[in-house]
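Down below is the structure, laid out as structure tokens.
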Amino acid sequence: MDYSSRLYYDSPAKAWTQALPIGNGHLGAMIYGGVKKDVIALNHDELWTGTPKDTVRKGAVKSFEKARKLALNGRLHEAQKEIEDNFDSTWSQAYLPLGNLIAEFSSKKKISGYERYLDIDKAVSGVEYLTNGKKEKREYFASYPDNIICVNYSFSQKTDIDFSLTSPLRSNSIVKDNTIILDGECHGENVIDNKCPVKTYFDEAKKRGIHFRAAARIDTNGEISSKDSVLKVTGATYAYIYFACVTSFNGFDKHPYLEGKEYKNACLELLSGKKDYSEIKKKHIADYKNIYDRVKVEISGKSRKMPTDKRLVAFKKDKEDIGLVLLVYNYGRYLAISSSRPGTQPGNLQGIWSDRYDAPWNANYTVNINTEMNYWPVLSGNMAELNEPLIEMIKELSVSGRKAAKGQYGADGWVSHHNVDLWRLATPVNGNACWAFWHGSSGWLCRHLYEHYEYTGDKKFLRDTAYPLMKGAAEFYLSIMTEKDGKLILCPGTSPENGFEYEGDECNVSVYSEMSMSICRDLFSNIIKASKILGADKEFAQKLKETMDRFPPFLIGSDGQLLEFGADYPETELTHRHCSHLYALHPANLITPDGTPDLAKACIRTLERRGDLGTGWSLGWKINFWARLFDGNHALKLIEMQLRPVKSTGVNYGRGGGTYENLFDAHPPFQIDGNYGYVSGVNEMLLQSRDGRIYLLPALPEKWKNGKVKGLKAKGNVTVDIEWKNGKVTKYNLKGKGKYTLIYNGREEKISL
Ligand code: FUC
């Protein structure tokens, strides 16, 4: 048994953060594995409150101009107040849970040898135990090719089962033959009442929300009957459940009720026909492995054979369990494949798994770090097709974002702010300017588009998809660029979600922020490169270059740190979880230890002053920063901190980051970004690439003495295998095309593939 690809427990889950996730991008389920009562908590990626809406704030353009003038004159508190009073728009809509599929069993016999597992080599979860010495088995998986969840119960003796399907949403369920059908409805709006979002149903057709049908078909050798909405099975020695859900959601700009798509028959159709469990399972495993098996990391050392929850606790004392480090790495790849596939919605704050009616931060897309982090491991981890939902979202955002640019700023191009939802909210949300007034996400998201080209080498994608979107984002920034002291800046600025001391009080709005300028530098540089590659749009590239030449330089503060707010203001929260001003170090490559050593030194100083502690995703980001700084030991320290066992699910903005018993990342609460920051961090420790340079093992910790990795990707669509002994590369194999400089074992080598 490989204990770096299997989670297992000796008892059923009592809490959601102990349950095991399965998913196919649309459908998500959490497996509790109770002996008498099995609960499968369900999600669907399109269950959100709301309808398409114009969210532009009236009078915002004037307000922006006023705030800009105030900021240029140093009246920063007033600028902030102006933004918060007159510029923001509405809150995001919310992601909703679907409900529970429940199976209650009649058997009252004593059981032994209980095990609940998730095999991440195959993406199959299961439960096994003995009754009277005989094996009882259950299996669960979510198939992407068939778009259903399958469950297989096999009993050692005749068993009666009550099946039911419940939902916290407005819904009604009935039993028809061997199928439970639940028809339901999402709220028409997440209405803001006294600064609190309240999920609200309306009767008026134009305010009705997304409708959906969920259905579970039971195939069994037992006898089927029904009582109310419970499907009863008696005397079964096996039962299969085939579960599907389809919604009326018809695109971000279509009304889900008045222009909704047909969903009732579509749902039943997914379940109709003769379903052969083992065929579906075979297809599912092949489909999953086609992505998952591309990469394998092996590092010599201990791998503890111990139930995962206990293993996590044991790691606290003895950190030699490299198998656990790899398990969490593999689990992150598993979660990515299970939550983001072509045709699905992108992974939200919780991927697709969310049990709460009022999920933390509405389980929306928070795009001032979190959504981007979800997609960091995808390209380096050889899973480029998982980017598709993100790319689609960016295309859609560019449509709503054009209205936001015009309506909020009177600007060209397109822009998005710190929250996005299913309806592609692009305007700033309501609340403190430190998070609400931040127009960096359109620029940041475009870096994913350019990287998609860099990693895949797909020129057609660059020309037809990436370039026009990148250009539109740049046009927005060009359009609001302001001159101050001969420099061009984005004024006013914020740096998510931090503040500084100004005139005796905390302030969040500065004249400009380093992050916004870095996002622009990065976006503009990528457009200039793209225009060269495509041999197109030279004039625009020239304009960007001239604009960039007038940006203020990176500033270094009195303590050697990179300045966040364009001036050496006293920090109000030195150890703040965001490190946005290091954007140029990671995710961008504008600051590098070998290219710009002085700035890299300033980044090190910044990270030292911030400290290592933080929320889950903050630890995840720091792994990536230290990897980019070629400091493998520090990166590993962060990995080890991320593996601290956490039970609390309350919101902790401080230093509580760690891992839940089911290996979900703990912000706390659960937030999936930390799982992905971890995977991306490990990838960056083993391989980095930029501008034709490929670094093998650039940040290998001393503890990882011997090992091998296969299948990671370097930019240029190069597939990389590496073996190492005593910390030195002993063998490598690169598959791809082109000329590169290879950097390893302290030397540089020119290679041609
Ligand atoms: C950002 C972070 C928080 C949290 C939230 C969802 O606002 O600052 O820590 O992750 O997103």
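Taken together, the values in this text are just the output of simple stated rules run on the coordinates, not laboratory data. These figures come from a predicted structure and were not determined experimentally. Cβ atoms come from the backbone with ideal geometry, glycine included; neighbour counts cover every protein chain shown.
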Estimated FRET transfer efficiency (GLU723, GLU539; beta-carbon r; R0 35 Å; 0.05): 0.10
So how much slack lies between GLU223 and GLU78, counting 0.36 nm per residue of separation and subtracting their Cα-Cα distance, in nm? 45.0 nm
Cα-based Rg (one decimal) and Dmax (whole number) for the range 179-219, in Å? 14.4, 49
For LYS195 and LEU753, what does the FRET efficiency come to when R0 = 51 Å and r is the distance between their Cβ atoms, rounded to the nearest 0.05? 0.35
Can you give the percent of C-alpha pairs in the range 272-383 whose distance is more than 22 Å? 53
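Name the shape class, rounded, prolate or oblate, that the alpha-carbon gyration tensor gives for the range 389-538, where a ≥ b ≥ c are the square roots of its eigenvalues, rounded holds for a/c under 1.5, and otherwise prolate holds if a/b is larger than b/c and oblate otherwise. Don't skip to the answer; put the middle values down first.
Working: a/c = 2.06, a/b = 1.55, b/c = 1.33.
Prolate.
What FRET efficiency would be calculated for the residue pair THR596, ASN733, taking the C-beta separation as r and a Förster radius of 30 Å, to the nearest 0.05? Can you show the working numbers first?
Details: r = 31 Å, r/R0 = 1.04.
Efficiency computed from Cβ-Cβ geometry: 0.45.
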Note the angle between two axes, namely the Cα long axis of helix 277-292 and the longest principal axis of the Cα atoms of the chain, as a number of degrees from 0 to 90, rounded to the nearest 10. 20
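Grab the alpha carbons of the range 337-452, take their convex hull, and tell me the volume per residue in Å³. All intermediate terms of the calculation are to be shown ahead of the outcome.
On the way: hull volume 11.7 nm³, N = 116.
Per-residue hull volume (Cα only) is 101 Å³.
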Along the range 184-201, what does the Karplus equation 6.51 cos²θ - 1.76 cosθ + 1.60 (θ = phi - 60°) give for ³J(HN,Hα), rounded to whole Hz, x for Gly and Pro? x, 8, 8, 5, x, 6, 9, 7, 8, 10, 6, 6, 10, x, 10, 6, 10, 8
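Where Rh denotes the Kirkwood radius from the mean inverse Cα pair distance, what is Rg over Rh for the range 460-549? Could you put the intermediate results ahead of the total?
Numbers: Rg = 15.6 Å, Rh = 14.4 Å.
For the range 460-549, the value is 1.08.
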Quick one: go through the range 72-109 and flag any residue whose amide nitrogen is under 14 Å from the point 7 Å out along the Cα-to-Cβ line of LYS134. 107-109
Sites matching GluC sites (Glu not before Pro) across the range 140-245 that sit in DSSP coil, with at most 16 neighbouring C-beta atoms within 10 Å: GLU204
Just to compare against my own numbers: the Cα pair-distance distribution for the chain, 10 Å bins, whole % per bin, please. 3, 14, 24, 26, 19, 10, 3, 1, 0
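Plugging the Kirkwood radius over Cα pairs into Stokes-Einstein for the range 133-210, at a temperature of 25 °C and a viscosity of 0.890 mPa s, what D comes out in µm²/s? All intermediate terms of the calculation are to be shown ahead of the outcome.
Numbers: Rh = 16.6 Å.
It comes out at roughly 148 µm²/s.
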For all pairs of alpha-carbon atoms in the range 641-691, what percent lies in each bin of width 5 Å, listed from the first bin to the last filled one? 5, 22, 27, 19, 11, 8, 6, 3, 0
With only alpha-carbon atoms in the gyration tensor, what are the semi-axes of the equivalent ellipsoid for the range 549-626, in Å, largest first? 19, 16, 11
Taking the Cα centre of the range 161-320 as origin, work out the dipole magnitude from +1 charges on Lys and Arg Cβ and -1 charges on Asp and Glu Cβ, in debye rounded to 20. 920
Spin-label pair SER300/THR482, simplified geometry with 7 Å Cα→Cβ offset, distance in nm: 6.0
Extension gain LYS310-PHE202, at 0.36 nm per residue separation less the Cα-Cα distance, in nm? 34.1 nm
Mean shadow area (nm²) of the C-alpha convex hull around the range 594-736 is 9.1
Flagged links, alpha-carbon separation over 20 Å, of LYS471/LYS622; LYS135/LYS232; LYS406/LYS538; LYS395/LYS471: LYS471/LYS622; LYS135/LYS232; LYS406/LYS538
What would the Debye equation give as log₁₀ I(q)/I(0) for the range 499-653 at q = 0.09, 0.11, 0.18 Å⁻¹, counting only Cα atoms as equal point scatterers? -0.35, -0.52, -1.12
Binned at 5 Å from 0, what are the whole-percent values of the Cα-Cα distance distribution for the range 47-100, short to long? 4, 18, 19, 14, 12, 10, 9, 7, 4, 2, 1, 0
Looking at the range 638-732, which GluC sites (Glu not before Pro) are in a loop (DSSP not H, G, I, E or B) and have at most 11 other Cβ atoms within 10 Å? GLU702
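Expressed in whole Å with the largest first, what are the equivalent ellipsoid semi-axes of the range 134-265 derived from the C-alpha gyration tensor as the square root of 5 times each eigenvalue?
On the way: eigenvalues 247, 48, 39 Å².
One finds semi-axes of 35, 15, 14 Å for the range 134-265.
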